Amino acid sequence: MTSAKANDSIGALRRNLDAGSGAAKPRNIDVSPLIDSDGGLIDRSIYTDREIYAQEMRRIFARSWLFLAHETQFKKPGDFFTTFMGEDPVIVSMDKEKKIRVYLNSCRHRGVRLCRADAGATKMFTCTYHGWSFDLAGALQSVPNETAYPDTFKKENWSLIEVPRVETYKGLIFGNWDKNADSLEDNLGDMKYYMDAMLDRDPEGTEVVGGVMKWELEGNWKLAAEQFATDWYHVNMSHASALMVLSPTGKGPKADIAATPGRQHGSENGHGAGFPTHPKSRFDAKMVHDYYDYDFLRERLGDDAVEGPMTTGHATVFPNFSYLPVNGSIRVWHPKGPDKIEVWAWILVDKSMPQDVKDAQRLYNLRTFGPSGIFEADDGENWSEIQAISGGFVTNSVPLNFQMGIGSEREDGTYPGQTSELYSDAAGRAFYRHWAKVMNTPAWHETN
Ligand code: FES
Ligand SMILES: [Fe+2]
């Protein structure tokens, strides 16, 4: 069986299970009553309920474009990186033809995790339990004591399960378990314009530096994804002390919480990006700011991009990939149960930057949004605080407010798609509108 056929069999197996014992059949919850995206109300059970979480695994993570890795992590055949799609472990690797292929990181024999390294280079993936070995094309190559298996046992039927769709956008590799999904670029749509302000400053493109930073947070994955999509509102309040440290005067932000002009984009596919609009855009690390030729950037990206999404903005690609253009932080919010996130963060720099500028970008990133960054800690604290009390029955019954800027979404004539004010919940409403739609629509493995 080829890997593609193996994938078809997952759907069939799933349907058999679902049609069989009641115990194996998952119950699909209609989430419409939990999300009032037009009225801006969200039910807190979407952060705490185990059945909703299980449905997210089936209907969000098993069918959305999920960020996997950056192209510059793979240079030669055999280079690999292990990560997750939802809670499913996967190996991202470069095959002999230098094509990026992605496999479920679970041995076809008894299911042990096949590759336990975070990253590396190999010719074969050999299971440490009984020694089945798979090549870079996912094919089962050797089985110890193979002659003891019946004649019906064929190695070609036991290839690794392969992710059927792997596509890249300007260096970012995404995978999708749904072989009939819209292309990555179609799915991103208008979001590409906003992403280009980080990914396309340099004709040479971007690269990641310094490895992958990983840390855990108490909180539902959506709290982080939603904040990066929509929330500039918290900046001057939550990060007041961090802004004070960074301010040349030591005084920090002005008293007004909502003092900055800017826009926020929310897409029908759940993506979101917000950014202050500055006549002069600047990077906070002085060396990075001094490095850039702004006339060149204006010509390359357009004035509106340079004065908007290239600034100190925030963004989420639905469901769980987020980034900060100004310091090159790109991250995945890996769900680990309804109340836990594992954050995996990379630092992105322009390939053409001299080494000292790359170092400056990396250090600035670490100081602000690394695992112990002065801003990062503030955000994680807020999400954990929401999660920590959301289990209380009465607490969980009280809806959350996403009403800022309701009705303000429009085509603004400058930025693509629907935009609202910088201080708005528009992208949050768009995120949850799309979430509810996907949660209520059967996925590829549920239909014939
Ligand atoms: S579980 Fe991998 S060889 Fe047995
Ligand atoms: Fe923040």
Within the range 441-448, identify whether any single residue is modelled with pLDDT of 95 or more, at positive phi, of a type outside the set (Ser, Thr, Tyr) and more than 15 Å from ligand 2 (Cβ to nearest atom), and answer yes or no. no
When the residues of the range 138-188 are filtered to those that are under 30 Å from residue 350 (Cβ atoms), surrounded by fewer than 17 Cβ atoms within 10 Å (Cβ to Cβ) and of a type in the set (Ser, Thr, Tyr), which remaining residue is farthest from ligand 2 (Cβ to nearest atom)? 183
Can you tell me which condition residue 362 does not meet? The list is (1) basic (Lys, Arg); (2) touching a residue at least 24 places away in the same chain (Cβ under 8 Å); (3) buried (at least 21 other Cβ atoms within 10 Å of the Cβ), and all the others hold. (3)
By residue number, the members of the range 191-244 that are at pLDDT 95 or above, in a helix (DSSP H, G or I) and either within 16 Å of ligand 2 (Cβ to nearest atom) or aromatic (Phe, Trp, Tyr) (or both) are 193, 194, 221, 222, 223, 224, 225, 226, 227, 228, 229, 230
Of the listed residues (114, 104, 160), the one being within 29 Å of the chain's Cα centre (by Cα), within 14 Å of ligand 1 (Cβ to nearest atom), more than 30 Å from residue 188 (Cα to Cα) and not assigned by TED's automatic domain parsing to the domain that holds residue 193 is 114
From the list 447, 414, 395, exactly one residue is more than 20 Å from the chain's Cα centre (by Cα) and outside the structural domain of residue 310 (by TED's automatic domain parsing). Which is it? 447
How many residues does the range 391-422 contain that are assigned to a loop (DSSP other than H, G, I, E, B), among the aliphatic types (A, V, I, L, M), more than 16 Å from ligand 2 (Cβ to nearest atom) and touching a strand residue (DSSP E or B) at 6+ places or on another chain (Cβ under 8 Å)? 0
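Conditions tested, residue by residue: (1) at pLDDT 95 or above; (2) crowded, with 18+ Cβ neighbours inside 10 Å.
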| residue | (1), (2) |
| --- | --- |
| 6 | no, yes |
| 12 | no, no |
| 44 | yes, yes |
| 75 | yes, no |
Give just the number: which of (1) within 16 Å of ligand 2 (Cβ to nearest atom); (2) loosely packed, with under 15 Cβ neighbours inside 10 Å does residue 388 not satisfy? (1)
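Given the criteria within 16 Å of ligand 2 (Cβ to nearest atom), in contact with a Leu (Cβ under 9 Å, 6 or more places away or on another chain) and among the polar types (S, T, N, Q), does residue 382 qualify? Walk me through it before giving the result.
Working: within 16 Å of ligand 2 (Cβ to nearest atom): yes; in contact with a Leu (Cβ under 9 Å, 6 or more places away or on another chain): yes; among the polar types (S, T, N, Q): yes.
Criteria met by residue 382.
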Pairs returned, first residue in the range 331-359 that is surrounded by fewer than 18 Cβ atoms within 10 Å (Cβ to Cβ), second residue that is in a loop (DSSP other than H, G, I, E, B), beta-carbon separation under 6 angstrom, 6 or more apart or interchain, are 342/336; 351/202; 351/204; 351/205; 352/202; 352/204
Select from the range 198-223 the residues that are surrounded by fewer than 23 Cβ atoms within 10 Å (Cβ to Cβ) and among the small types (Gly, Ala, Ser) and write down the one among them that is nearest to the chain's Cα centre (by Cα). 211
What pairs come up if the first residue lies in the range 100-118 and is more than 16 Å from ligand 2 (Cβ to nearest atom), the second is acidic (Asp, Glu), and their beta carbons are under 7 Å apart, counting only those six or more places apart or on different chains? 101/95; 101/162; 102/162; 103/162; 104/88
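The values are calculated or read from the model by the stated rules, or taken from the named source; none is laboratory data. These numbers were taken from a predicted model, which means no experiment stands behind them. Quick reminder, even Gly has a Cβ in these numbers, built from the backbone with ideal geometry, and neighbours come from all protein chains shown.
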